[in-house]
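The values are calculated or read from the model by the stated rules, or taken from the named source; none is laboratory data. Not measured: the values here are computed from a predicted model. All Cβ positions, glycine included, derive from the backbone under ideal geometry; neighbour counts span all protein chains shown.
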Amino acid sequence: MPRCRRAIDQPRTTCVTSHRYASPDVILLDIPGTGAQALRDSFGAAVETRLSTGFDAPGVPRIAAVRHPLVRMARIIAQFRDGESPGAKPRLPGLTWEGALEILENPRTPCDHSRSYPQAQLKACLAPQTHPIRRLHEADHLIRAECFAQDYARAAEACALPMPARIVAHAPLPEMSPEVQARALRFYKRDFEILGYRPDADRPVQPASMPEAPGAQVWDLWPAFFEQRDLRADAAAAALPMPGVPLAPFASSLTGGRRGKTWAGREANLIRHFRKLQPEFADQSRLAHLLGAVIVVMRRVPDCREAHALFSQITDAYASKLAQEMKLRWLVSVCDSFADHGASQAQRAMGIAGSLLANTLKLTETERKIYDIPRPWPPKARWGKGGALFDGMISYWVEKGEMIDLMTARLEAVCAGDPQAGPFTREILARAHRHNTVYRRLVSLAGKPAPPRLDPELQKDLRKLVQELL
């Protein structure tokens, strides 16, 4: 199975548009590259359009157009290479079959219509027709481009459709090398099996069947995000899934896309804000991204009951998993949320312990990064000796001190008593030992002889030079 299937299985935004019409009273599932424009021309102006999640309209017939997978792929490649209409600017000039397959097979390319770069748009357009987000399992009638007149006539009889405005023209099978065809066939295996096509026949060879209805999917459970709604703080609850939502689909779904840098901005539109956070969670589960979104709402609307309920539900069920996944910045945010809104005083103390630990390290390492002179590690010499620091505090005995071990043991014992907040605080301490921090640096010197002190005269000269420079 090609690597691209994993990325396609976790689309980041909409991969289908649903149009509802008043006359005829039908819903069209508009899949790119299938000839659905002929149906739109026949039905007239849609009264409503939605993305991804479709319509909650029981009894309203749903119609979808489908097409031979390779013909459809060729059509979409041509649109991106040459432009969608005469005079239109090509989105990917010079695009070849090999280039399109490389985009599909690259798990770091997001499957996202709304992204500004065309590779993400191409991947979203080329997603298989039988992928669950296409919602083909909801269709009551399939109209295949290769036998448009016959299929349309059957649907027209059942749904009182008007005469078709035009017929979809027959398209021959595209030419391609055996290697390219083999790659494409692996990608569209289910399309061929379910829709009745064969790679060497330009028309269906057997009746189409409907894909089986999938279980709960993240785009059904979090419709506001995948429909890209415009929701502000006054509608914060609507920007999140409903409390009590099944979390397993989120836990098993990858957020996907390209990993990006930390984004510290702010968008008034909560959905847009959530989307801009996605690159930070690219290699993590969608549940981690959802928890980040929940925290954003808790900060903007502290009394949002739905956000509090989701935060408790997520951390109660998946604390250990998320603590392992999330970046340190988000572990601190989780601890801050426990400190502000914990269910008990003990849980709030657990949260502030993790936050205080991480932020103290942040201050220490910031001062070192900005103001200290870089030095090799392990050090070859000492600048000074231990002793008094401030207010009765004495320096840590680097070679034989037990403070770090004792503090770690105490924190581990306390964290074990709270399976909801404890894993996040425990993981912050683990990261402090794993990364280049004062914890790791000093622990690495334990049990080793202390390096010699610098010669006093050399120290004096160095101090003078540093003072002159800094």
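Could you list, in sequence order, all residues of region 115-133 that are in a loop (DSSP other than H, G, I, E, B), out of contact with any Leu (no Cβ under 8 Å at 6 or more places or on another chain) and surrounded by 15 or more Cβ atoms within 10 Å (Cβ to Cβ)? Passing the criteria: Arg115, Ala127, Pro128, His131. Evaluation of Ser252 against the conditions (1) free of Cβ contacts under 8 Å to residues at least 40 places away in the same chain; (2) within 30 Å of Ala416 (Cβ to Cβ); (3) surrounded by fewer than 18 Cβ atoms within 10 Å (Cβ to Cβ); (4) over 17 Å from the mean Cα position of the chain (by Cα) shows that the sole unmet condition is (4).
Determine the pairs where a residue that is closer than 20 Å to Ser444 by Cβ, located within region 354-382, has a partner that is of a type in the set (S, T, N, Q) and not in a helix (DSSP H, G or I) with Cβ atoms under 6 Å apart, the partner being 6 or more residues away or on another chain. Sorted first by the residue in region 354-382, then by its partner, the pairs are Leu361/Thr437.
Could you list all residues from region 244-260 that are within 17 Å of Phe274 (Cα to Cα) and not aliphatic (A, V, I, L, M)? Phe250, Ser253, Thr255, Gly256, Gly257, Arg258, Arg259, Gly260 - these are the residues of region 244-260 that are within 17 Å of Phe274 (Cα to Cα) and not aliphatic (A, V, I, L, M). Only one entry of Gly54, Gly94, Gly59, Gly87 meets the criterion of being surrounded by 16 or more Cβ atoms within 10 Å (Cβ to Cβ), assigned to a loop (DSSP other than H, G, I, E, B) and either assigned by TED's automatic domain parsing to the domain that holds Leu39 or of a type in the set (Lys, Arg) (or both), and that entry is Gly54.
For region 142-173, residues that are over 17 Å from Ser23 (Cα atoms) and crowded, with 19+ Cβ neighbours inside 10 Å total 8. Condition check for Glu193 on (1) farther than 25 Å from Asp112 by Cβ; (2) in a helix (DSSP H, G or I); (3) in contact (Cβ under 8 Å) with a residue 24 or more places away in the chain; (4) out of contact with any Asp or Glu (no Cβ under 9 Å at 6 or more places or on another chain): one failure, at (3). In region 431-442, the residues that are more than 21 Å from Glu325 (Cβ to Cβ) reach residues that are part of a helix (DSSP H, G or I) and among the aliphatic types (A, V, I, L, M) with C-beta atoms within less than 6 angstrom, at least six apart or across chains, in these pairs: Tyr439/Ala432.
Set side by side, the residues Pro241, Pro223 differ, and just one is touching a residue at least 24 places away in the same chain (Cβ under 8 Å), surrounded by 15 or more Cβ atoms within 10 Å (Cβ to Cβ), out of contact with any strand residue (DSSP E or B) (no Cβ under 7 Å at 6 or more places or on another chain) and more than 24 Å from Arg329 (Cα to Cα), which is Pro223.
Among the candidates Ala216, Ala169, Ala165, Ala156, single out the residue that is without any contact (Cβ under 8 Å) to a residue 40 or more places away in the chain, among the aliphatic types (A, V, I, L, M), part of a loop (DSSP other than H, G, I, E, B) and within 20 Å of Ile63 (Cα to Cα).
After ruling out the rest, the residue left standing is Ala169.
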